[in-house]
Amino acid sequence: MRGIGRVRGIRGIRGAREAREAPEAGAKGAGRRLRLPRSRRGRRLAVQGLMALCVLALLPATWMRLGADTRVGTTADAPAREVAMVFGAGLWKGRPTPYLAHRLDAAAELYRTGKVKVVLVTGDNSRAEYDEPDAMRRYLTERGVPDDRIVSDYAGFDSWDSCVRAKKIFGVDRAVLVSQGFHIHRATTLCRSAGIDAYGVGVDEPRDGTWYYGGARELAASGKAALDALLRPDPHFLGPREAGVAKALASATP
């Protein structure tokens, strides 16, 4: 019995030692896996590969910025168009978030100055308790835009869907788009790819955490947008044509 106890004790000591050594071995293994190439040529190739990946990641965003740069400005720069198009940007307790409110303020200014006759609000209404277009409509009417000059698109789930639906469902051929500066180049490029003669108004915002998050998000979103512009898929919901924009424009004609 004493010999058995000694064997068990030795096994226990070995087990404890192995348990202590296992994380160290794992850490050493991880260190070996993450080790940079030792040769100068290997390090140079690794750096070149990393730079190539960065260039590929930035290429879609750069293409969209350069392609739309001459078609983006302020509300004062915007040409006269019949339709302004405002993209959704989230709700807080049923009201537009500050960023969305600023977009709507710019659209209301375009209407007051006579640069547009109708405002198309496009956003997410995929859930009964979340209705971006109706919240946007209420905000605009509170700021003097007549209700019959506002048209709602309840299936604008992303920028590409909004652009395609504006063209195919609502018959919009020319429009002033309204969004923040970090998003407006992508929106303008996508709407032009969808067949809309688009001019973008970029709303200025303070450089806060939300602005930097939005700018970083654009890098990822631009990759999808480039594929959308190239492949031109149908939106999540297409449906029959709607006469909302045409009726609103008819009511605006004296």
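The values are calculated or read from the model by the stated rules, or taken from the named source; none is laboratory data. Owing to the predicted nature of the structure, the values given are computational and were not obtained by experimental measurement. So basically every Cβ, Gly included, is an ideal-geometry build from the backbone, and we count neighbours across all protein chains shown. These area figures cover heavy atoms from the full protein model, side chains too; ligands, DNA and RNA do not enter into them. Shrake-Rupley method; radii C 1.70, N 1.55, O 1.52, S 1.80 Å.
What is the set of long-range amide H partners of Val151 at a cut-off below 5 Å, with H atoms built 1.01 Å from backbone N?
Sorted by chain and number, the residues that satisfy this are Val119, Leu120, Val121.
Within the stretch 166-254, what whole-number % of the accessible surface is contributed by carbon and sulfur, with the 1.4 Å probe and all protein chains included in the calculation?
Carbon plus sulfur share of accessible area: 59 percent.
Which value does Rg/Rh take for the stretch 89-237 over its C-alpha atoms, Rh per Kirkwood?
A ratio of 0.93.
With all protein chains present, calculate the accessible area of His236 using a 1.4 Å probe and round the result to the nearest 10 Å².
Probe radius 1.4 Å; accessible area of His236 about 130 Å².
Set the Förster distance to 25 Å, then compute FRET efficiency between Arg127 and Asp147 from the Cβ-Cβ distance, nearest 0.05.
Computed FRET efficiency for Arg127 and Asp147: 0.60.
Between Lys224 and Glu205, what is the spin-label point distance in nm, taking each point 7 Å from the Cα along the Cα→C-beta axis?
1.7
Net charge within 14 Å of Asp148 by Cβ-Cβ distance, Lys/Arg positive one each and Asp/Glu negative one each, not counting Asp148 itself?
Value of the local net charge: +3.
Would you list Lys115, Lys224, Lys247 from the most to the least accessible area, probe 1.4 Å? Present the calculation step by step, with values, prior to reporting the outcome.
Values: Lys115 45, Lys224 100, Lys247 145 Å².
These residues rank, largest area first, as Lys247, Lys224, Lys115.
Just for the Cα atoms in the stretch 146-209, what are the lengths along the principal axes, largest first, rounded to whole Å?
Computed over the stretch 146-209, the largest-to-smallest principal extents equal 36, 30, 20 Å.
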